[in-house]
Amino acid sequence: MGPSISPFSPRRIAAALAVATAACLTAGPAAAADPGPAPSAVADPLGGARALIAKKQWPEAVAELQRVNETGNADWHNLMGYSLRHFAKPDLDRAESHYEQALRINPKHRGALEYSGELHLTRGDLAKAEQRLAALNKACFLPCEEYTELKAAIEAHKRKAGGKS
């Protein structure tokens, strides 16, 4: 077996600098004015679906997710569940199935915990939504956005139900 190469070896640093320099040189002056998102070594295969979701194009997002077909990816399942839940006629059973699969892959997936909690509220299951909130409390280092949003949704649900739930 040959010598291992440290991630901080001079050869790796030189290679990284060469890639960064080439990117700057080929990007031109417009890139200096607007750097945009940080460059990534690997393009996000779910980027197209994320863009469609941002535009609230739910059927198109589902079609893109089906095209990508990364069923071993918790983010893929989370995005599929989220999209199915937002159809004009939501498919809550399939959405829940995708959230559950995301959580089997990554039990601390904050998006799947939040969105499945919201789905449970839609179904009137406050206890399951609160279970998701408790799981988010453990998954977040500080109160994170997902925790804050699900907590607000639960509080709104309780107000709407008149505190009876």
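Provide a single number: the residues in region 63-83 that are assigned to a helix (DSSP H, G or I) and without any contact (Cβ under 8 Å) to a residue 24 or more places away in the chain. Of the residues in region 63-83, 7 are assigned to a helix (DSSP H, G or I) and without any contact (Cβ under 8 Å) to a residue 24 or more places away in the chain.
Please state which of the following conditions Leu103 fails to meet, knowing it meets all the rest: (1) in a loop (DSSP other than H, G, I, E, B); (2) closer than 23 Å to Glu70 by Cα. Failing condition for Leu103: (1). Taken together, the residues in region 87-106 that are closer than 11 Å to Leu119 by Cβ and among the aromatic types (Phe, Trp, Tyr) amount to 1. Being in contact (Cβ under 8 Å) with a residue 12 or more places away in the chain and either not in a helix (DSSP H, G or I) or not β-branched (Val, Ile, Thr) (or both) holds for only one residue in Ala135, Ala152, and it is Ala135. Checking each residue in region 100-149 for being surrounded by fewer than 22 Cβ atoms within 10 Å (Cβ to Cβ) and within 15 Å of His77 (Cβ to Cβ) picks out Glu100, Gln101, Leu103, Arg104, Ile105, Asn106, Pro107, Lys108, Arg110, Gly111.
Residues of region 64-86 that are surrounded by 15 or more Cβ atoms within 10 Å (Cβ to Cβ) and farther than 14 Å from Tyr115 by Cβ: Glu64, Leu65, Val68, Glu70, Asn73.
Considering only residues in region 111-141 that are under 18 Å from the mean Cα position of the chain (by Cα) and among the aliphatic types (A, V, I, L, M), the one that is farthest from Asp93 (Cα to Cα) turns out to be Ala139.
One residue stands out among those in region 84-100 that are outside any helix (DSSP H, G or I) and touching a helix residue (DSSP H, G or I) at 6+ places or on another chain (Cβ under 6 Å): the one that is farthest from Leu52 (Cα to Cα), which is Asp91. Each residue in region 117-132 was checked for being part of a helix (DSSP H, G or I), in contact (Cβ under 8 Å) with a residue 24 or more places away in the chain and either among the basic types (Lys, Arg) or out of contact with any Gly (no Cβ under 7 Å at 6 or more places or on another chain) (or both), and 7 pass.
May I ask you to list the residues in region 64-95 that are farther than 20 Å from Leu121 by Cα and of a type in the set (A, V, I, L, M, F, W, C)? If the condition is that a residue be farther than 20 Å from Leu121 by Cα and of a type in the set (A, V, I, L, M, F, W, C), then Leu65, Val68, Ala74, Trp76 are the ones that fit.
Since every read-out is calculated from the coordinates, none of them should be taken as a lab result. All of these numbers come straight from a predicted model, not from anything done at the bench. We place every Cβ from the backbone using ideal geometry, glycine too, and count neighbours over all the protein chains shown.
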